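Throughout, read-outs are computed from the coordinates displayed, never taken from laboratory work. All of these numbers come straight from a predicted model, not from anything done at the bench. Methodologically, a virtual Cβ is constructed for each residue, glycine included, from the backbone with ideal geometry; neighbour enumeration extends over all protein chains shown.
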Amino acid sequence: MIPLSPNTLTLLGFAVSIAAGAAFALGKPFAGGLLILFSGIFDILDGGVARAKGRITPFGGVLDSVCDRYSDGLMFLGIIAGAVNGRLVLSPIVQIEGWLWAGFALIGSFLVSYTRARAESAGCRKLSVGIAERTERMVLLALGGISGFLGWALVLVAVFSHITIIQRVLRAKSILSKPSEVDFQKP
């Protein structure tokens, strides 16, 4: 059994994500990719430990979600900083600079999560439709950093994230347009 609390594991994963963002900013995409994978281990462990120890709490869920958003943002900002300061070489793809693809990916990543949260607060049941959940986005980013195809990974994350947003908006519209399917929460 792991001797650390789920919240400690969440915070350790967040610290590793900060290191991943720093590695990208310093022009070390291979290290950044490995650190993303390492942070993912903590992301898996925190929930597993919470379930195994019977310590699933509403606060733990909030902490995990907030740390995930900060982690995503810091990793993409690290890539943007590395591209802008010239330490991270990202060739333009479809005549769009790599730092801008990172920006599109960052916006998409945040909106994937926001769209789900907003739809669920409006009455949708768990809205997990879409092709680019956080795990898929982070695996793409990690593999891009490790393989030397970070620019293409950013394109895929950006495109798939925005497709996921559209999928979620359409699914929310479908659910919320039918009052019998809406599962409103009691106050």
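In this simple spin-label approximation, residue 5 and residue 53 carry label points 7 Å from Cα along the Cα→Cβ vector, and these lie 0.8 nm apart. With contacts taken as Cα pairs under 8 Å at a separation of at least 6 residues, region 1-100 carries a relative contact order of 37 percent.
Axis angle, to the nearest 10 degrees, between helix 150-176 and the longest C-alpha principal axis of the chain: 10 degrees. So what's the Cα pair-distance distribution over region 73-161, bin width 5 Å, in %? It works out to 3, 15, 24, 23, 14, 9, 6, 4, 1, 0, in whole percents. Label-to-label distance for residue 89 and residue 174 is 4.6 nm, based on points extended 7 Å past Cα in the beta-carbon direction. In debye, nearest 20, what is the charge dipole magnitude of region 20-150 about its Cα centre with +1 on Lys and Arg Cβ and -1 on Asp and Glu Cβ, if you could check? Its charge dipole is roughly 280 debye.
Distance from the alpha carbon centroid of region 78-94 to that of region 16-76 works out to 22 angstrom. Angle between the Cα long axis of helix 29-52 and the longest principal axis of the chain, 0 to 90 degrees, nearest 10? Computed tilt is about 20 degrees. Length gained on full extension, residue 117 to residue 18: 33.2 nm, using 0.36 nm per residue less the C-alpha separation. Where (1) 61, 39, 28; (2) 56, 34, 28; (3) 53, 45, 21 are the candidate values, the label of the one calculated here for Cα extents along the principal axes in Å is (3).
Angle of helix 134-147 to the longest C-alpha principal axis of the chain, folded into 0 to 90 degrees and rounded to 10: 10°. For region 1-95, taking Cα atoms only, Rg and Dmax work out to 15.4, 51 Å respectively.
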